[in-house]
1. Protein chains only, probe 1.4 Å: how do Lys225, Lys27 rank by accessible area, largest first?
2. Out of Ala265, Ala204, Ala294, any idea which swings most in a Gaussian network model of the chain, alpha carbons joined below 10 Å?
3. So, in nm, how far is label Asp186 from label Glu222 when the simple model puts each one 7 Å beyond its Cα toward the Cβ?
4. Please identify, among Glu191, Glu211, Glu44, the residue showing maximal mean-square fluctuation in a Gaussian network model of the chain using a 10 angstrom Cα cutoff.
5. When the Cα atoms of the chain are enclosed in a convex hull and the volume is divided per residue, what value in Å³ results?
6. By how many degrees, between 0 and 90 and to the nearest 10, does the Cα long axis of helix 259-269 differ from the longest principal axis of the chain?
7. With every protein chain present, what accessible area does Tyr176 have (1.4 Å probe, heavy atoms only), rounded to the nearest 10 Å²?
8. Could you work out which residue, out of Asn232, Asn70, Asn285, moves most in a Gaussian network model of the chain, that is, has the largest mean-square fluctuation with Cα springs under 10 Å?
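The values are calculated or read from the model by the stated rules, or taken from the named source; none is laboratory data. Values in this document were obtained by computation on a predicted structure and should not be read as measured data. Here Cβ is always computed from backbone atoms with ideal geometry, including for glycine, and neighbour counts include all displayed protein chains. Surface accessibility is based on the protein's heavy atoms, side chains included, excluding ligands, DNA and RNA. Shrake-Rupley method; radii C 1.70, N 1.55, O 1.52, S 1.80 Å.
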Amino acid sequence: MKVRSVGILGTGVYLPEKVLTNADLEKMVDTNDEWIVSRTGIRERRIAADHEASSDLSIKAAEMALKNANLTADQIDLIIVATVTPDMSFPATACLVQDQLGASKAATFDLSAACTGFIYGVSAASQFIATGVYRYALVIGVECLSRIVDWEDRNTCILFGDGAGAAVLGPVEEGYGFLSYELGGDGSGGELLKIEAGGSRCPATAATVEEKLHSLSMSGREVFKFAVRVMNNATEGALAKAGLEKEEMDLMVPHQANIRIIESAMKRFGLTKDKVAINLDKYGNMSSASVPVALHEAVQENRIQKGDHVVLCGFGGGLTWGATVLKWSQEEAK
Ligand code: UT7
């Protein structure tokens with residue numbers, strides 16, 4: 001079977017208008033700007049409006065990505081939405097997006113890999129294109145984390161934000177596009193970052209609401225140690241599979257959970273700030289949306305040129321992790 005090279009033809013984002021600053025949080029929980037900035041690097045985050053759900057954010061990001069790829073929705077063969085905050089359990093948010101976009105021929109599914117969701121999503125979508133099953137796929141990372149955060153828990157509520165990032169994948173000229181994938185999971189660490197209730201194990205009751213079991217809980221220190229380890233290992237693994245040395249990395253686009261985690265990767269790979277996409281100061285941790293939003297901003301700021309080696313890497317609940325290396329080209333193969 002002939003395998004085609006697959007790349008990203010266009011990116012897009014949507015960030016809700018409402019900004020929640022550290023000063024705002026000081027009025028809500030026992031915290032302060034100095035602690036949040038020094039421990040996390042976050043200064044503000046976006047919060048979806050009451051009428052906005054994940055599909056609404058997704059559609060706006062997808063429309064921008066389609067425009068930037070010079071494609072229309074009816075050309076899309078596959079839509080994958082990576083999210084832990086779908087509009088509802090089912091139908092899948094990907095189905096809602098397909099309907100609103102008018103992507104009538106697209107196959108649709110949601111993907112649950114928490115903060116690694118976008119990396120898993122592009123890895124999955126690119127297989128369909130590489131093998132010739134489909135030509136164009138839309139991969140969206142979206143979260144309305146403000147809806148699942150306990151706004152009385154200072155350990156978590158200061159960290160997260162809402163947003164969406166999208167990418168259109170398609171065939172690119174040979175030798176460009178995705179060069180390698182390094183995905184992993186460790187379900188034994190699932191307890192470290194989770195929402196306990198609302199599924200088949202612990203359905204919603206008045207008691208689960210009372211006990212706040214529908215809110216996100218996290219063992220911050222343990223997840224921190226895990227994050228540092230797997231981000232470095234996954235990046236190393238993806239570079240090795242692509243046959244590249246760390247010095248050949250032109251831009252790293254890491255999951256935006258904590259500036260200290262990103263700095264540890266910079267140290268490990270000898271990267272200066274111009275070689276890393278960082279935006280967590282503006283948006284906080286948007287889980288699966290963090291990587292595609294940071295990637296889109298880097299593209300818009302002309303930080304990525306044709307032929308550059310771009311590494312996307314993420315880690316999060318599951319536990320999950322992943323990294324992929326791209327040799328950048330947005331030019332579609334004929
Ligand atoms: O995207 C998914 C993956 N998630 C992550 O990667 C998150 C990884 N974890 C982290 O980024 C960090 O662990 C946190 C930012 C969540 C916490 O930072 P930390 O340096 O690990 O702090 P800590 O949890 O060890 O807490 C240190 C102290 C504690 O006080 P005591 O017990 O030492 O008196 C906390 O109660 O800081 C206190 N604290 C706060 N103080 C002010 C915790 N949250 C806050 C807060 N404001 N918001």
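1. Lys27, Lys225
2. In the Gaussian network model the winner is Ala204.
3. 1.1
4. It is Glu211.
5. Values: hull volume 43.8 nm³, N = 334.
Looking at the chain, the number lands at 131 Å³ per residue.
6. Rounded to the nearest ten degrees, it is 40.
7. Accessible surface of Tyr176 is approximately 50 Å².
8. Asn70
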